[in-house]
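Encoded as structure tokens, the structure appears first; notes follow it.
Just so it is clear, none of the values below were taken in a lab; they were calculated from the coordinates. Computed from a prediction, not measured in an experiment: that's the story for all the values here. Because the Cβ atoms are built from the backbone with ideal geometry, glycine has one as well, and the counts that use them run over all protein chains shown.
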Amino acid sequence: MDAIDFSRITTVLSSPLGWLDLALTLASITVAYGLAWRWYIKRQEKGQALPERTLSGGMLRVMFPLLALLLVLLTRSVFRIYETSFFLDIALPLMLALAAIRILVYTLHTMFSQAAWLKASERAIASAIWFLVALYFLGILPELVKELESVVLPFGGGVSLWALIKGAVALVLTLSAALWIAGMIERRLLPKTSTYDASYNGRLLLARFLRALLVVVALLLVLQSIGIDLTVFAVLGGAVGVGIGLGLQRLAANYIAGFTVLFERAIKIGDMITVDGRFGIVREVTARYVIIRSLDGIDAIVPNEALLTQTVLNHSSNQREARATLPVQVAYGTDLRLALRLMEQAAMAESRVADGQRSPTATVIDFDDSGINLLLAFWVRDPENGQGTLRSNINLRLWDLFSQHGIEIPFPQQEVRLLNAKDEPTPPNQNGFG
């Protein structure tokens with residue numbers, strides 16, 4: 001469509017058909033808006049939720065421009081039987097642009113339903129499209145495109161500035177599509193309801209690899225489409241390699257270690273591990289680091305390189321239960337067999353303590369200065385929930401049982417005996433007098 005000839009407005013409005021053209025244009029847009037608003041009100045009265053990512057929610061957003069576009073087209077077809085339209089011709093591309101904006105936003109909401117940036121960028125997207133439409137109708141956009149095409153940058157055999165702008169837009173759209181496809185594949189491979197079984201790390205590795213591959217392919221396709229010679233990146237690749245070798249070797253080592261950890265399946269989400277002096281549950285495994293949450297709720301970010309260069313204790317590789325011990329000291333003269341039975345009884349009273357082959361076991365360790373050292377060993381069914389409360393409950397129950405049976409828990413004490421005190425000479429004082 002050609003740009004608007006504003007000199008025709010006075011000529012068109014000088015005739016009754018011109019005013020009829022303007023009235024029909026405004027009426028078509030008003031009727032379309034009224035129908036769309038009435039449909040929205042009826043939906044609200046019925047209490048039907050219309051989230052934007054659903055089909056009904058998407059139709060709500062595009063109903064007004066589509067109805068307006070349809071009414072303008074019908075009115076324009078009838079009006080052209082009698083006279084050439086002017087205002088209807090202007091409204092047609094405007095409504096088409098508005099419909100394109102609404103459809104684009106609906107598509108983006110569907111592709112990135114969890115993206116917080118989309119809601120903030122919606123006005124920017126709409127304003128950009130309307131701005132381009134306005135430039136076109138004012139006749140500025142074609143001249144601006146010619147000026148941008150005349151500016152050639154000495155990059156990749158010569159690329160115009162307009163080609164770079166188109167390439168940037170194409171890059172954003174292509175990367176958005178690639179990330180959407182990668183997200184869809186990741187949701188298929190890693191559903192939220194799935195358990196962290198032995199194959200989880202393999203599926204996670206495949207999802208991360210496909211995401212990186214799709215992004216690289218999208219970038220190469222865009223660069224090729226705008227006419228940039230890809231051989232120019234050979235020198236850039238060498239420079240990046242030197243940079244990795246000099247300053248980024250630790251970062252590269254973490255990424256390589258991350259893929260190695262995912263491939264070997266030695267550690268998976270949900271495992272309880274000890275690495276670099278930190279004990280906790282693996283909450284997330286990425287290509288660069290692992291997030292370990294301790295039992296007190298603090299997250300530690302451990303680089304993947306530490307998982308390969310240090311000794312890692314995996315407490316749940318073959319079993320879920322974790323072994324715990326509780327030292328107890330009793331006084332001399334205690335019935336040890338009774339004390340051992342009471343200790344096992346106190347632990348068995350807790351539902352979190354395993355039974356059967358892993359029932360609690362109490363043993364005599366050694367004889368100390370103040371009393372006899374005993375040790376209660378038991379297995380915890382759910383160690384990820386911590387052991388502080390469990391230990392406290394066992395200690396309280398053990399205190400009650402010992403009190404009922406007269407078993408004493410000693411405190412540190414020393415016995416001093418003085419032999420032949422009467423025969424010992426009195427030591428001189430500091431002045432040397434007796």
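See the values below:
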read-out: The stretch 327-387: chymotrypsin sites (Phe, Trp or Tyr not before Pro) falling in loop per DSSP and having at most 12 other Cβ within 10 Å; value: Tyr332
read-out: Percent of Cα pairs exceeding the 19 Å cut-off, where the set is the stretch 322-404; value: 34 percent
read-out: Added length on full extension, which subtracts the Cα-Cα distance from 0.36 nm per residue, Leu221 to Asp382; value: 52.9 nm
read-out: For the stretch 258-389, alpha-carbon Rg over 2.2 N^0.38 Å; value: 1.34
read-out: Computed Kirkwood radius, in angstrom, where 1/r is averaged over Cα pairs of the stretch 258-314; value: 11.0 Å
read-out: Stretch gain in nm, segment Asp369-Ile301, where the contour uses 0.36 nm per residue and the Cα spacing is subtracted; value: 20.0 nm
read-out: Computed magnitude of the charge dipole of the stretch 258-314 (debye, nearest 20; Cβ of K, R +1, Cβ of D, E -1); value: 100 debye
read-out: Simple label model, 7 Å out from Cα along Cβ direction - Thr260 to Ser359, nm; value: 4.6 nm
